[in-house]
Amino acid sequence: MSTERQQSPSNLPDRWLQENNELVNKWKNRDASSRDQNHVILLLSSEFQKLLRKIQGLPPLDDHVRLELCVAYNVCLLSIALSQMSEAEMLLTQTVDRVLQMARVEPTESSPPEFWRAVVTSVENEAFKTGVQNLLCVRWAIWLSNCTLEAIEGLQEEFSSLSAGLDQDVTSEARRIPSNVPLLLMEPRKLLELLQICTLITQGAERLNEGRSSEALTALHAASSLPAPRILVAYTHLLSGACLARTGRPQMALHCFRNAVETDFLCVCAQYQSVLIFRGLGDTQAEIQMLRFLHSTLMLPSTSEPLTAGDQIFSLSVLLRSPALRSLLFVPTALCVLHSLAQKCVLDSRVSEGVECYLDLLAAIHSEEHSVSSEDSRLPRLAELYLEAGTALLMAERPVDCMTLCDEVIATTAELLPERVVLEDPEEGVEESSTCADGEQDGAAMLFWTGAAYLLQGHSCCQLQDWKQAAAHYTRCINLLVKVSFKERGGQPQIPTPDMCNEKRRDLQILQRMKGLSLAGRGISFAQTDQLRHALRNLQLSLHAFPEYVNARLWCGELLWRFDRKSEAAAIWEKTWSISISSAENMPMYLREPQSGPTLDTEELRRRIRELHSG
């Protein structure tokens, strides 16, 4: 600073020019592979702001206005890169006021688009005009970042004319006379190209969100013809696909999503949108294949890096902040995708694949290299994942492994179980008579998880044909479930019944289903050890809790037949085959596919009925 004070005022612009160019070259010569780009930007921003304060510490002078505008442009770019939009906007306003002062133009009170139109038209000096055009690009970027599309559309004519105005930008001059021209951190031409396509993409997303799909497609068609980084071209295909999906053309949408991935294979949002299309079409095989592809892509290190294009100074995500667009760009985490893949494989009877996915998922969660982040909030809680994985192992006929996972759930929840749980009417909310030790877990959920773990252990013992242990595990499950009561509005707590269940009361549905499965499992286990009266009683209680459970109904008929109550047995079998079974899709996976004990041969039962009627 002491050296600068010794300079005469006429040499200050040269010093400032040199300082600006050194800072720009520092950015251009940085290690582009370094992950600590934000630190570099922060340091540069601090240095550029110091330089700008020096320049603006003097009254605005025509002979160094070009330098001031270039430095202000560089500082604004750095502020945008750091998402400091208010700082960039304040600096922009301050700089434009000085330009108007130098141009001897009185600023007018008007809307932002009208103000900037007046600025552009009133500045005639060529040195001023180039700098103002650069700042107009900055203004555009800030509006776009804030999703202020109305202001951008209000200056559409001025923005369209920027291309011609930037044909001879300062960087081309810098190549001819590098010592006399202030350098810029990013060519205005490059910034302009990004702004054009990002604006069209944002407009397309907003119009799609408003239900104006045909208008959105028009904007996206215009965007696809512009020079742009691959990822932005991929986004135009992605949004076009979203428009086609929204208008009932899924196959054409899939074609657009495929184009997006072919343009940029890291466009994971297009892969995820394809998953949703296949899911909607019911094409499970294609959905599983796409989930595998998506998970593999998400595991690549590059997909976690900031969204950048070329050598630009800021992430494209700074310009693409439209809520409508961000919802379309949403992609679950790799762990969430792996969970969806595991669940989908199991439910599609690809059990061995599902087991491997579940084991990989649990290993990743417990890995020291991975910690579950807030972005993984869509994952079920760990106890539920263990129960789902246990179900998959049970379906793969690995009962011992299933029991091991269930032991983990029981050990984790044993000291946290409430003494009893009262489920209340939805209008009054859910209240419990006791609170879990950690103060966060819901008491009913804790009890249900533990009960489900015992239920799966009972199923596992049935597979092992250890009927005594199976009955013991089912009993433990039942003993937990009887702690749950239901309180209607203005009433007293009572034992829940099937007629209390409805779509809003999923907790009651889970409770009744689990009761039915555990009672049926115990009843079938008793039947295998010839405790027929206990068996029949348990199966009848099972049907009272869960009337739609087919295996319990068939076994109840079997026991009635053994007790020589053949007409009753035939009636219950015939009724079983005539009732419609409601979907279990809203149930946890470990309650969807009952595994409680051996099944009966339906053809054999029908033969008995025919002989009974013919006799």
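Just need a number here: residues in the range 3-43 that are at pLDDT below 85 and part of a loop (DSSP other than H, G, I, E, B). Matching residues across the range 3-43 total 9. Would you confirm, using the coordinates I've provided, whether GLU150 is at pLDDT below 90 and over 17 Å from ARG66 (Cβ atoms)? Spelling it out, it is not the case that GLU150 is at pLDDT below 90 and over 17 Å from ARG66 (Cβ atoms). Residue-level check: of (1) at pLDDT 85 or above; (2) out of contact with any Phe, Trp or Tyr (no Cβ under 6 Å at 6 or more places or on another chain); (3) within 18 Å of LEU591 (Cα to Cα), ASN502 misses just (1). May I ask you to verify whether ARG592 is modelled with pLDDT under 95 and within 29 Å of VAL422 (Cα to Cα)? Here the answer is yes, as ARG592 does meet what is asked. Restricting attention to the range 542-577 and to residues that are over 46 Å from the mean Cα position of the chain (by Cα) and of a type in the set (Asp, Glu), the residue that is farthest from ALA471 (Cα to Cα) turns out to be GLU574. Taking the conditions exactly as written (of a type outside the set (Phe, Trp, Tyr), modelled with pLDDT under 95 and outside the structural domain of LEU480 (by TED's automatic domain parsing)), does VAL372 satisfy them or not? Yes: the conditions hold for VAL372. Scanning the range 349-363 for residues that are among the hydroxyl-bearing types (Ser, Thr, Tyr) and either free of Cβ contacts under 8 Å to residues at least 24 places away in the same chain or surrounded by fewer than 19 Cβ atoms within 10 Å (Cβ to Cβ) (or both) yields a total of 2.
Considered as a group, the residues in the range 475-521 that are in a helix (DSSP H, G or I), over 37 Å from the mean Cα position of the chain (by Cα) and among the hydrophobic types (A, V, I, L, M, F, W, C) include one that is surrounded by the fewest Cβ atoms within 10 Å (Cβ to Cβ), and that residue is ILE478.
Selection of first residues in the range 91-113 that are within 17 Å of VAL71 (Cα to Cα) and assigned by TED's automatic domain parsing to the domain that holds ARG139 and of second residues that are of a type in the set (Asp, Glu) and part of a helix (DSSP H, G or I), restricted to Cβ pairs under 7 Å at least 6 apart or on distinct chains, gives the following pairs, ordered by first then second residue: MET102/ASP62.
Take SER46 and decide whether it is modelled with pLDDT of 90 or more, part of a loop (DSSP other than H, G, I, E, B) and farther than 13 Å from LEU185 by Cβ. No; evaluated as a whole, the condition is false for this residue. Remark: pairs (first residue in the range 51-69, within 16 Å of ALA88 (Cα to Cα); second residue aromatic (Phe, Trp, Tyr) and modelled with pLDDT of 90 or more; Cβ separation under 7 Å; 6+ apart in sequence or on different chains) = LEU51/TRP16.
Remark: pairs (first residue in the range 337-348, under 16 Å from GLN271 (Cβ atoms); second residue outside any helix (DSSP H, G or I) and of a type outside the set (Val, Ile, Thr); Cβ separation under 8 Å; 6+ apart in sequence or on different chains) = SER340/PRO332. The number of residues in the range 245-268 that are under 22 Å from the mean Cα position of the chain (by Cα) and not in a helix (DSSP H, G or I) comes to 4. Scanning the range 81-102 for residues that are touching an Asp or Glu at 6+ places or on another chain (Cβ under 8 Å) and either not hydrophobic (A, V, I, L, M, F, W, C) or not in a helix (DSSP H, G or I) (or both) turns up THR95, ARG98.
Within the span defined as the range 269-278, every residue fails to be modelled with pLDDT of 95 or more, outside any helix (DSSP H, G or I) and within 29 Å of ALA342 (Cα to Cα). Pairs are defined by a Cβ separation below 9 Å, a sequence spacing of at least 6 or placement on different chains, a first member in the range 558-585 that is modelled with pLDDT of 90 or more, and a second member that is assigned to a loop (DSSP other than H, G, I, E, B) and aliphatic (A, V, I, L, M); the pairs so defined are GLU558/LEU600.
The values are calculated or read from the model by the stated rules, or taken from the named source; none is laboratory data. It should be emphasised that the depicted structure is a prediction, and the values quoted were computed from it without experimental measurement. In this analysis, Cβ positions are derived from the backbone assuming ideal geometry, glycine residues included, and neighbour counts consider all displayed protein chains.
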